[in-house]
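The structure appears right after this line, and notes come after that.
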Amino acid sequence: MATTKQARYRVDGMDCAACATKIDTAVRRIPGVSDVSVSVTAGTMTVKHDGSGDLSQIETKVAGLGYSASPMGEKAAAPKPAATKDDHAGHDHGDYAGHDHTDHEGGHATAEAEGLHGHDHGPSTGPWWQSKKGRLTIACGAALVAAFLIGRLAPPIAPYSFIAAMLVGLIPIARRAVVAALSGTPFSIEMLMTIAVVGAVFINAGEEAATVVFLFLIGELLEGVAAGRARASIQSLTALVPKTALLEENGQTREVPAESVAVGAIILVRPGDRMPADGVIIAGDSSIDESPVTGESVPVRKGVDASVFAGTVNSDAALRVRVTAAASDNTIARVVKLVEEAQESKAPTERFIDRFSRWYTPGVVAVAALVAIVPPMLFGGVWGDWIYKGLAILLIGCPCALVISTPAAIAASLATGARRGLLLKGGAVLENLRTITAVAFDKTGTLTEGKPKVTDVVGFAKPAAEVARLAAALETGSSHPIAVAILGHAASSKIPVPQAVNLQAHGGKGVTGTVDGVDIFFGSPKSADERIALTSAQTAQITALNDDGKTVSVLIAGQEIAGLIAVRDEPRADAVAGLKALTDAGIKTVMLTGDNSRTAKGIGKALGIEVRADLLPQDKQRIVAELKAEGYKVAKVGDGINDAPALAAADFGIAMGGGTDVALETADAAALHGRVGDVATMIELSKRTMANIRQNITMALGLKAVFLVTTILGLTGLWPAILADTGATVLVTLNALRLLAAPKPGAV
């Protein structure tokens, strides 16, 4: 069996739904091609093929249609590997939002738009009047004005002057119509336009024909400008990344192109500078303004070992950063690439409209022919009048507005989501997220931060500060999550940490050592009780802390119970509000975790969420299946790697803090910045998008219906008919662009 391969192309000059349809139809006819996905907004095309055909034909075929296609790379399409990771249990906390980027084939997703080529609806760069289509529209308008002046000065030659003005714009349109017909798209907008205009000339309506061509060109130009806004909304993200970086080598700092900085290199980021790459801070502490990428208005304080993202702004102190991703694979480049790929994936509504339009357009041609022929032949109507009406119906029936109604809204919403770190894998996911009625959350790293923090320091025989000081001395050098939490607490509290000697770890029990000449033990309450009996009051306090989901360690100094320290993997800052947003929307929420019941219930109580604990991966899968059997539409939210069976069983898999490649590739959607509230935001975005699509379809069909009736009644003619098409297309596109409005964090 032949391996299916995939090739991606950047397509220039494509700014309307008709463009995508013609390219799709033509490329599918090339031997060896099995599937084609075209994104108007992203300006990209993905071609699946078996490798037997000559791929150079693709570029030739697209060029023949009046566009240009350039390869973005090629790769074999292989099944996604099963995601596996140990279950989160107890307090084995890891960094589930790391950025271990691997190289992606397929070229740089942020390639700048090239020059204007072929079927150029609007400018990609520069003012509209410098584009090829802009110049043609101006020339056609000037010719029309000249024809009117000639008609006033020399009425006998007026008809010929209008025909000449019409030909200025019609010849390029007719040429595209012929090429499209030969490539498998006989009922293109250009073909309907050509037939209508030529027919108008034959019934002595040359003045209207010239006006219609000019209005058509204006409509196309407006479509291009509007579509360009949607495309720019994503591509503008790439402008956030600076062009240069300060590279540190051999103790010296020099400025180099940002794209040349290799993974592992050390860069200096000065106060006020943007991060030129994804990386990890190795020296320094500063507030990072992440609003350009995440939309969050409050800067985030970050220090050593914290991850930073390309395009964010370093506010108040110099940072040394170790680069973790190449320029072509940083967070912004990956977001742009994933969104472009998602735009190529059609939503169910879009696929239905595409199928509908294949029958709709020939149907319009048939209706127009019947309107032009039947009344004169059977009812004695005037041939000229009814042919005129039939030609107008051809223009009214053009499906551009209807076909663009869904992809325009989908593209705008995908762009809006991406700007907030919400990646949705295509129109189908975006359209169906609104149906979610239950959300099952993983705990560690999803509802919680994924690393324990000190919550309580209690002094018994020693003051609390002394308990923290002695415990930190024993934990110095340890990488255990509890040790890291205690050392972090000591550092933030500015507690000096003395040196410990004779350190010895006792597996499963604790650690011993000598500090300031005193023998110290720090470990589990059970092990401490075996050394020195705990009082009933101390035991009661430990039990109360455990009931809150906290892990307690007891400190013994000499022959005294000095005190205790409790740690817990704390809930994310927005977890309560995020869960409330879901429940307020009538969505059931449940926590599925491998943690012990006591720990899980402590977190669940704080968050107000139903808890199912002590679960193995197969248990989580079973619970998801049970929810589906009860009639729920279930989303499973986790890190995108863990709990693969549950993610597979759910209707939707959502990766929380999905910075890793596997997370982004296996989930249906990803909340890159780890906000629990982003799940509700995704669902609300889906609802808004579908409402926008319904509005677009209503406008597209409603305008056509109105003008169809008025045309048959003789109230409107050719030029209002073309406005019904191009005007509806522009209105639909502008309505979709309302979805680009930047939402506040936590809302859409």
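Readers should treat all values here as calculations from the given coordinates under stated rules, not as data from a laboratory. Just so it is clear, the structure is predicted and the values come from calculations on it, not from any experiment. Using ideal geometry, Cβ is built from the backbone for each residue, glycine included, and neighbour counts are taken over all protein chains shown.
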| Size of the range 242-329 as Cα extents on the principal axes (Å, biggest first) | 35, 25, 20
| query | Relative contact order (percent) for the range 482-590, with alpha-carbon contacts under 8 angstrom and 6 or more residues of separation? | reply | 16 percent
| said: What Kirkwood Rh does the range 449-570 have if only Cα atoms enter the pairwise 1/r average? Answer in Å. | reply: 14.1 Å
| remark: Given backbone amide H placed at 1.01 Å from N, residues whose amide H is under 5 Å from that of T312, ignoring those fewer than 5 places away on the same chain, are M275
| field | Charge dipole (the range 242-329, unit charges on Cβ, about Cα centre) - positive-most of M275, S307, L247 | value | L247
| field | Phi to ³J(HN,Hα) by Karplus 6.51 cos²θ - 1.76 cosθ + 1.60 over the range 421-438, Hz, x for Gly, Pro | value | x, 9, 9, 10, 7, x, x, 4, 5, 4, 5, 8, 4, 5, 8, 4, 10, 8
| task | Using the structure shown, list the pairs from K601/K628; K526/K636; K605/K633; K48/K620; K425/K580; K588/K687 with a Cα-Cα distance above 27 Å, or answer none. | result | K526/K636; K48/K620
| remark: Amide H contacts under 5 Å for D519, restricted to residues at least 5 apart in sequence or on another chain and with H modeled in the peptide plane, are G558
| note | Karplus-derived 3J(HN,Hα) from phi for the range 538-550 (6.51 cos²θ - 1.76 cosθ + 1.60, θ = phi - 60°), whole Hz, x at Gly and Pro, runs 5, 4, 5, 5, 5, 4, 5, 5, 4, 5, 8, x, 9
| field | Relative contact order for the range 242-329, counting Cα pairs under 8 Å that sit 6 or more residues apart, in percent | value | 36 percent
| field | Nitroxide proxy distance, nm - points 7 Å out along Cα→Cβ at R301 and H480 | value | 2.8 nm
